[in-house]
Amino acid sequence: DTTKFIPLKKNQRQNSGDTLQPSEKNKIPAASGLERLSHIGPFDGIPDLQQDVKVVGYPMGGDQISITSGVVSRIDTTNYGGRDELLAIQLDAAINRGNSGGPALCEGIVIGIAFQTLRNADNIGYIVPIPVAAHFFRCFLQSESCKYLESGETVERFRSGLKCRDYHTGFCTIGFIYNEMQNETLRKCFMMNAAVNTTTTESQNAVQTGILITAVLPMSAAQGILERRDVVMAVNGYKVANDGTIEFRTRERLTFSHLVKATPAGVPVELTILRNGEVKTVSVVPVVDQPLVSHHTFNTLYQEKPKYFIFGGLVFTPLTLGLLNEWGPEWYSLAPRPLTQAHLDEFPSPDKQQLVVVAQVLAHGINRGYEHCYARRVTDRKSV
């Protein structure tokens, strides 16, 4: 393998030392093709805090290229739209309308793609980091869309046949709900200091930490492998703290879910769990989450027209995040509470894989007295 690696350097203002000597986890492959980018790990290419960054793009306010400067101020997960919380790098460099899609550079090396800012805040912008972009490239290289280009098809043919489901399958999940274990009494209740294992190691003799599984979702990868009341103590060798975070660099932490979401489809994740006082290691193959309330950004509904059915002057349609967005940017506060709660709290099951609502009551005498059914959720044929 001739892949070359480019080390990230420490901010000279922060440290008068020389070039940061990167570990295997913090090396970033040189940008020499989609295939090499697809092999980037979950923590590759992430810059240091306070490292200088330049954002390039064509934001509002002029026609010429704009370059703004700042530093990396935070590395954390944030909402990408819908229910997905993914890794993002926070900058204090100015990111405005029109900057989206532009590169963010550290010493001439691309470390991410500008994509959003925080409302009602000053100098808080976000870029998509390399590990998240690499997940997209992996999906693309495994998709049917990539075959258009490999077979010599024209760009026009490629674009005309492109759909989201052709190149982006989404991000994987294991499928359980958990509770933090920062309460000492709760940890004692689950015997976290009295674990027994025939292959006890020095690391297992240390203070045990983890998160408590309170529910395993139906139709998930965890079903039949994990159980309610299991304590997840490590993911792929990274120790999980009582608040659900892992240490990915010295004194820098991220939620453990990033490790799962950065895992390619079909690749198993190794979990160290505590079950009834005994330490076990299990392997789970994450799958792409199919939420009960679909969102168009990460599923097969992207670029497809909404489905609907008209009966007796009532318009029925599946509940999606796109429909909730019809109530505006503040849809969580303005949309009917039963619909927003379904988006946040309900999950698919064998007997419930789609929610149907009355999207509109048409103006006709046959609908007189049914005006109140607007935006109502249909639970059975007798509920309307």
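The values are calculated or read from the model by the stated rules, or taken from the named source; none is laboratory data. Predicted model only: the values in this text are computed from it and were never measured. Because the Cβ atoms are built from the backbone with ideal geometry, glycine has one as well, and the counts that use them run over all protein chains shown. Side chains included, ligands, DNA and RNA excluded: accessible areas come from the protein's heavy atoms. Shrake-Rupley method; radii C 1.70, N 1.55, O 1.52, S 1.80 Å.
What are the pairs with Cβ atoms under 8 angstrom where one residue, in the stretch 177-192, is in contact (Cβ under 8 Å) with a residue 24 or more places away in the chain and the other, located anywhere, is open to solvent by 90 Å² or more (accessible area, probe 1.4 Å) and among the charged types (D, E, K, R)? Sequence gap at least six, or different chains.
That search, which allows pairs on different chains as well, returns F190/R229.
Give me a count of the residues in the stretch 117-145 that are closer than 20 Å to D52 by Cα and either under 15 Å from the mean Cα position of the chain (by Cα) or at pLDDT 85 or above (or both).
8
Count, please, the residues in the stretch 49-78 that happen to be outside any strand (DSSP E or B), more than 30 Å from S257 (Cβ to Cβ) and in contact with a strand residue (DSSP E or B) (Cβ under 8 Å, 6 or more places away or on another chain). Can you show your working first?
Of all residues in the stretch 49-78, those outside any strand (DSSP E or B) come to 49-51, 58-65.
The next check asks that each one be more than 30 Å from S257 (Cβ to Cβ); those that pass are 58-65.
So of that shortlist, the ones also in contact with a strand residue (DSSP E or B) (Cβ under 8 Å, 6 or more places away or on another chain) come out as 58-59, 65.
Looking only at that region, the number is 3.
For the stretch 174-198, what are the residues that are modelled with pLDDT under 90 and assigned to a strand (DSSP E or B)?
V196
Among the residues of the stretch 323-337, are any closer than 28 Å to R368 by Cα, in contact with a Lys or Arg (Cβ under 9 Å, 6 or more places away or on another chain), open to solvent by 20 Å² or more (accessible area, probe 1.4 Å) and modelled with pLDDT of 85 or more?
Taking every residue of the stretch 323-337 in turn, at least one turns out to be closer than 28 Å to R368 by Cα, in contact with a Lys or Arg (Cβ under 9 Å, 6 or more places away or on another chain), open to solvent by 20 Å² or more (accessible area, probe 1.4 Å) and modelled with pLDDT of 85 or more.
What number of residues in the stretch 360-376 are open to solvent by 70 Å² or more (accessible area, probe 1.4 Å) and either among the small types (G, A, S) or within 16 Å of Y308 (Cβ to Cβ) (or both)?
Initially, the stretch 360-376 is screened for residues open to solvent by 70 Å² or more (accessible area, probe 1.4 Å), giving 360, 363-364, 366, 368, 370-372, 374, 376.
Going one step further and asking which of them are either among the small types (G, A, S) or within 16 Å of Y308 (Cβ to Cβ) (or both), we end up with 360, 363, 374, 376.
Count: 4.
Considering the stretch 342-359 alone, what residues qualify as being open to solvent by 20 Å² or more (accessible area, probe 1.4 Å) and without any contact (Cβ under 8 Å) to a residue 60 or more places away in the chain?
Passing the criteria: D345, E346, D351, V356, A359.
Any residue in the stretch 100-123 that's farther than 12 Å from G70 by Cβ: show its pairings with residues that are of a type in the set (D, E, K, R) and surrounded by 14 or more Cβ atoms within 10 Å (Cβ to Cβ) at Cβ separation under 7 Å, as long as the two are six or more apart or on different chains.
E107/K9
Of the residues E278, E270, E247, which single one is touching a residue at least 60 places away in the same chain (Cβ under 8 Å) and not hydrophobic (A, V, I, L, M, F, W, C)?
Values: E270 fails: touching a residue at least 60 places away in the same chain (Cβ under 8 Å); E247 fails: touching a residue at least 60 places away in the same chain (Cβ under 8 Å).
Result of the check over E278, E270, E247: E278.
Exactly one of these conditions fails for T281: (1) open to solvent by 70 Å² or more (accessible area, probe 1.4 Å); (2) part of a loop (DSSP other than H, G, I, E, B). Give me its number.
(2)
Run P264 past the list (1) in contact with a helix residue (DSSP H, G or I) (Cβ under 8 Å, 6 or more places away or on another chain); (2) not in a loop (DSSP other than H, G, I, E, B) and report the number of the one that doesn't hold.
(2)
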